[in-house]
1. By count of other Cβ within 10 Å, fewest leading, how are 382, 86, 583 ordered?
2. Quote to one decimal, in nm, the extra length available between residue 338 and residue 151 on full extension: 0.36 nm per residue of separation minus the C-alpha distance between them.
3. Could you tell me the distance between the Cα centroids of the stretch 564-631 and the stretch 330-362, to the nearest Å?
4. Fully extended, how many nm does the chain gain between residue 273 and residue 440 (0.36 nm per residue separation, minus their Cα-Cα distance)?
5. Give me 545, 212 sorted ascending by neighbouring Cβ count inside 10 Å, so fewest comes first.
6. Can you give the FRET efficiency for residue 300 and residue 208, using 1/(1 + (r/R0)^6), R0 = 51 Å, r = Cβ-Cβ distance, to the nearest 0.05?
7. Within 10 Å of each residue's Cβ, count the other Cβ atoms and sort 65, 155, 192 from fewest upward.
8. Just grab the label-to-label distance for residue 327 and residue 366, each label 7 Å out from Cα along the Cβ direction, in nm (one decimal).
């Protein structure tokens, strides 16, 4: 659809991945961060060494996936998943970093971020004297150029920040002001945890650039073979030193190997082919816990809500409504003309044009079919049909915990949201009532699953059996992950296995849950005025299409409130309750991310900020490499 079509191939399952969402505020002082945040068991500091580091050596790391291109691999123009963040931390520095206990945003390339009284502008003071590896200066002009790179049609980051940032301007050589579309009390966290925090050299931005990544980070690009290997070398002029005055990083280089198969990646670690790996696979995690000669840690007890495994549901039964606006309505608006009511009805799904379902026979989007997942009772029936306790035990092998919403139970935003319990008879009754009311004999939909992963075949088989028991028929559409993501982004899907959300603050997920009110006009110019004032359209990257004004109201209330306030906590708690009761998503279990390294790899779980404060590292699937060394 218009510009959305151009962007679709760039979306990743965790596009715009924040290191992953819980508490920020206050100032962390050196020495106040406890080792337990890096511990797999109480008292252990996994991946942390107090010995004198050995300089030199090359670390080989096994990752899950590769990037499509390095010519646009920066914080502004490419989608980063967990593996990409590992590479990104080699090339780039973020504006800010997060303390190990998750309580503070600390300086890195930027020194401070100060909001105005209404949280609609944030003034950021930048560090002086830093250069990109090609010699270009890091300054306000570079930050503005990175924001400008998000505004081109091919950038996948633009849709994610469109509801938040309206402009970034320079007010001095080392001062920038982020002008926001909405009040956002925790916007400084976006500049630490979101992809836009990472700043690339201005000369490496733009569609015409055909080179390699250029940042201010601890390593430089050497070579890349698609789907296989990325090689980086030590940035000898890196601007940071450790507390003893030793030049960072300690390593001479890193070799990132793409090994998509989890068992193969585990075997490579056991044999010594690689020194370290990243995994989110339950079977891999169970095996790693038994492997000798390695150190292992997961993020179950980290100070951040984990990402969630769930089934993404197309709540509207339409293709991407924001994309339709972009294609159908924007041409009228740009000419200063009113958008015809008929066009607005198409965008809202009130008229034929984008509403439909996936045909189980052709596996193509079919505008002649009526969706079923846009009915809340069917979504509730699906939730009630799935025994999540059994799913955790049989499919996830007991790794992690069952999910009943977007927060874990230890989150300050968690109260029991009353997500539907396993109740096959209740689910069957809802399905039968739907059949009678809609005069249909069957209820069916299609679930997208990645074709290159046997684990998803097992997941689908489990869900298929559970839903069949209550009278719902599901058909698999096994496709390559890139195609699955494209379908979800465009909205041409019924349901899909997905994992997303989590992180140190829920504000990081606002773009994924944003609902755009058609009237009054959206701050960034949606411009649809003939629809009823209560009509909401899901934001560009709101893949579930929930378009819920109560969720939007709650989120805007949270973001306009101070972090840590009762209003802030209550509003985010309300969001969780609405999701659970509406069954926006079919929650399964938390996504556990783990790193493992051979015993001679030291300090891979350790990094500090500019003033010596301990950092959250690894941060979900994102790892820093500046303090890692090989014994």
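1. In increasing order of surrounding Cβ atoms, one gets 583, 86, 382.
2. Working it through step by step, the gained length comes to 64.9 nm.
3. 39
4. Full extension of this stretch gives 54.4 nm more.
5. Fewest to most other Cβ atoms nearby, the residues stand as 212, 545.
6. For residue 300 and residue 208, the calculated efficiency is 0.70.
7. Fewest-to-most ranking of 65, 155, 192: 65, 155, 192.
8. So the label points at residue 327 and residue 366 sit 2.0 nm apart.
Computed from the coordinates by the stated procedures, all read-outs in this text should not be read as laboratory data. Every value quoted in this text rests on a predicted model; they were computed, and no experiment measured them. Quick reminder, even Gly has a Cβ in these numbers, built from the backbone with ideal geometry, and neighbours come from all protein chains shown.
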